[in-house]
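Computed from the coordinates by the stated procedures, all read-outs in this text should not be read as laboratory data. Here the structure is a predicted model, which is why all the values come from computation and not from measurement. A quick note on method: Cβ atoms are made from the backbone with ideal geometry, for glycine too, and the neighbour counts reach across all protein chains shown.
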């Protein structure tokens, strides 16, 4: 399994996954994100029991591919600058 596929699987299960854009009749664009309801989002303990598809079709426990832990970090918002785009 590629790291990109693992990342996609985890993003879908945790934070949601951007799947497209919706253009409103007034011309405004809105991003469409598929995600689980907040009350149904998994905890780290549940994530350890998630199985992900492997290249040969086998299902592998996430705990065999990655160690999951929650770490505290300071809140940080970085503004996007022209050089970062």
Study note, to complete from the structure: Between the Cα axis of helix 3-14 and the main Cα principal axis of the chain, the angle (0 to 90°, nearest 10) is 80
Exercise for review: Give, in nm to one decimal, the length gained when the segment between residue 29 and residue 46 is fully stretched (0.36 nm per residue of separation minus the Cα-Cα distance).
Suggested key: 2.6 nm
Check your understanding: residue 39 versus residue 3, label points 7 Å from Cα toward the beta carbon: distance in nm?
Key -> 3.8
Review point. Sorting 30, 51 on the 10 Å Cβ count, fewest up front, what's the list?
Key: 30, 51
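Note the direction-averaged projected area, equal to a quarter of the hull surface, for the Cα convex hull of the chain, in nm².
In nm², the orientation-averaged hull projection of the chain is 9.1.
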